[in-house]
1. Does B:ALA82 satisfy being more than 9 Å from chain A (Cβ to nearest Cβ), of a type in the set (A, V, I, L, M), within 16 Å of DNA strand C (Cβ to nearest atom) and within 16 Å of the chain's Cα centre (by Cα)?
2. List every residue pair whose Cβ atoms sit under 8 Å apart, with the two residues 6 or more apart in sequence or on different chains, where the first one lies in region A:110-125 and is in a helix (DSSP H, G or I) and the second, anywhere, is of a type in the set (D, E, K, R).
3. Given the conditions (1) over 14 Å from the mean Cα position of the chain (by Cα); (2) free of Cβ contacts under 8 Å to residues at least 12 places away in the same chain; (3) more than 14 Å from DNA strand C (Cβ to nearest atom); (4) surrounded by 15 or more Cβ atoms within 10 Å (Cβ to Cβ), and given that B:GLN133 satisfies all but one, which numbered condition is not satisfied?
4. Does region A:100-114 contain any residue that is surrounded by fewer than 16 Cβ atoms within 10 Å (Cβ to Cβ), aliphatic (A, V, I, L, M) and within 8 Å of another protein chain (Cβ to nearest Cβ)?
5. Of a type in the set (A, V, I, L, M), assigned to a helix (DSSP H, G or I), surrounded by fewer than 19 Cβ atoms within 10 Å (Cβ to Cβ) and within 14 Å of chain A (Cβ to nearest Cβ): which single residue out of B:LEU190, B:LEU143 fits that description?
6. Scan region B:137-169 for residues that are of a type in the set (D, E, K, R) and within 13 Å of DNA strand C (Cβ to nearest atom) and jot them down.
7. Anything in region A:174-187 that is near DNA strand D (Cβ under 8 Å from one of its atoms) and of a type in the set (D, E, K, R)? List them, or say none.
8. Name the residue that is farthest from the other protein chains (Cβ to nearest Cβ), counting only residues in region B:149-161 that are in a helix (DSSP H, G or I) and surrounded by fewer than 17 Cβ atoms within 10 Å (Cβ to Cβ).
2 protein chains.
Amino acid sequence: MNILALLSHTELFSPLSEGSRERIATIAVEKTLKKNQTLFLEGDRGHGIYLLVSGNIQLSKANPSGDRNVIIKSVKPGEIFAEVILFESDKYPVTATAVKKSLVFFFPKNQFLSLLESRDFRNEFILMLLRKQRYLTERLRSLITMDVGDKLFHYLGQHYGAKERIVPGIAKKDLAAAIDAAPETLSRLLLRLKKNGTLLWKDGEIIIKRGFWDTFGQA
Amino acid sequence: MNILALLSHTELFSPLSEGSRERIATIAVEKTLKKNQTLFLEGDRGHGIYLLVSGNIQLSKANPSGDRNVIIKSVKPGEIFAEVILFESDKYPVTATAVKKSLVFFFPKNQFLSLLESRDFRNEFILMLLRKQRYLTERLRSLITMDVGDKLFHYLGQHYGAKERIVPGIAKKDLAAAIDAAPETLSRLLLRLKKNGTLLWKDGEIIIKRGFWDTFGQA
DNA sequence: TATTTTCCTTGATATAGATCAAGAAATGGC
DNA sequence: GCCATTTCTTGATCTATATCAAGGAAAATA
C-alpha cells in the first residue's frame, strides 16, 4: 500500500505540500495490529509518535489502585497519538490497544522534530494539538453533565456522524467502556431505546429513528 | 509593576532569552480583575490570548440545556489560557471568571503569532500545550475513577502542593465546583474528615494531618 | 462440528452523591 | 456597627448507575 496516498487523506498531513509529504513518508514505519493487540503499555519507553491510518485504537490508563482501566480516548483514523514523547516524557503515559485490526505509522522522534522546522507543518501540528485539547475539554464537560443516553448519542455522533445507519464495528463492551458505563448499563439502555423505537442495534448495525438527530443537541 | 520581571517568573517565558522577553513585554497589555469579575464569556469574539500573572481564574462551560455550569479548569498563575483563539476559532469556547482579585496580560493574536517564528519560543509553546493536554487527560481519569474525597486531595495536591497547611483563598462553593461536587457534598465531606482527624478547614486555612500525603497515592 | 471461552442480557440489590429545604454563619456595603 | 446578601451547614429524600449473580448467545478454537 502506498504510504504517500494514505498520508494525503489525513487531516494533519493533507494541507501540506507534496514535497513535505514525501519527506514525511520516508520516515514513516508501517505496523499492522491484530484485534486486541497492544501497541504499547503505560510506562513503556517510547522513541516516537504514531499515526492511526485505519482501524481503531483505544488509549487507556490504569488508576493508581490498578483495579480499573479507564478509556482516555478512542483514536480515529487520521489522528496522531503519543505526541507527549516528542518533548515531554520518554515514557508513554497511556496504554494503546487495537480494538480491531488496525494500521499505524510510526515516526521516530528525532526525525519528526526536524519536520517541525517547516512553518506550514508546524502550524498544522499546533492546530492539531489545540483541536485535541478542545476535544478533551468537550469530553470533560460531557462526562460531568450527561447521562448514559446522552453519552451514547454524543459518542455515535462524534465517531460516525449523525447518520441513520451506523456500523460501529466494535463490541458492545468496548463501546460501553468508551462512554464510561458498565456493560450492563449499556445493555439496559439499548433495551429501553429499542422499546421506545429510537434505536435498534441488530446484526452489527445500528439503526436510528429518522429525525432523531435533529432533536439531539449537538452532532 | 514591571512586566518584564513578572514574565521572567512564568514557566512559559522564563526559558527565553532576555531579548525575546523584552519583545513579548512590549506587546503585553495589563488588566486587573476584581473578585467574581468576568473576563470573557463563552461565545465572545476574541482577538488574543491571556496569561494569568496572579490570582485565580476559572474556565467554565455551560451545557447545552444551559442549566448547569461546568468548571473545565482553574487557571493558576503563570499559565496561558484561550490559546484556541490563535488558530482555531475567533470565539472563546469557555467563560473566564476571576475567583479572586487577579492580574492578567493580554497578547494580541497577530503579534503573538509572529513570536512563534522563534524556535525556542515555539518549542516552549508546544510543550505547554502538551502539558495542558496531559493535565486534561489526568483530570478525565480522576473524574471517572475518584470519589469526592480523592478528588479533594487530588485538587489540593495539584494546586497547593502536598503541604500540611494550605491557604486556599477561594470559597468552599468554588472549590466544590472545581472538584465537580455539590456544595453540600463538600460540606459533609469536610465534616467527616474533621471527625476522623485528617483535615481541618478553619479561618481560611486548611490543616492536614501529618503524614497524610505519604499515604495518598499521587501528589 | 463440538467445545471452550468470551460476550451479552436480565434481575436483585447497594450506594454515592444530587437535590430540596430551611436555618445559621459569614461577608460586604453603607 | 447594622442590615442585606451571599455562603455554609445539616437533615430528609431521591435517583442513576454500579455491582453481584447466573443463564443464554455468540464467537473463537480445536
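The values are calculated or read from the model by the stated rules, or taken from the named source; none is laboratory data. Note that the coordinates shown come from a computational prediction; the quantities given were computed from them, not determined experimentally. Glycine also receives a Cβ, built like all others from the backbone with ideal geometry; neighbour counts cover every protein chain displayed.
1. Numbers: more than 9 Å from chain A (Cβ to nearest Cβ): yes; of a type in the set (A, V, I, L, M): yes; within 16 Å of DNA strand C (Cβ to nearest atom): no; within 16 Å of the chain's Cα centre (by Cα): yes.
Judged against the criteria, B:ALA82 is not a match.
2. A:LEU115/A:ARG23; A:ARG119/B:GLU117; A:ARG122/B:ARG122
3. The one condition B:GLN133 does not meet is (1).
4. Within region A:100-114, none of the residues are surrounded by fewer than 16 Cβ atoms within 10 Å (Cβ to Cβ), aliphatic (A, V, I, L, M) and within 8 Å of another protein chain (Cβ to nearest Cβ).
5. Numbers: B:LEU190 fails: within 14 Å of chain A (Cβ to nearest Cβ).
Within the list B:LEU190, B:LEU143, the selection yields B:LEU143.
6. Kept after step one, since they are of a type in the set (D, E, K, R), are these residues of region B:137-169: B:138-139, B:141, B:147, B:150-151, B:163-165.
Of everything in region B:137-169, those that are of a type in the set (D, E, K, R) and within 13 Å of DNA strand C (Cβ to nearest atom) turn out to be B:ASP147, B:ASP150, B:LYS151.
7. A:ASP180, A:GLU184
8. Initial filter on region B:149-161 (in a helix (DSSP H, G or I)): B:149-160.
From the residues that got through so far, the ones that are surrounded by fewer than 17 Cβ atoms within 10 Å (Cβ to Cβ) too are B:149, B:159-160.
Details: B:GLY149: 14, B:HIS159: 17, B:TYR160: 20 Å.
Looking at the filtered set, the residue picked out is B:TYR160.
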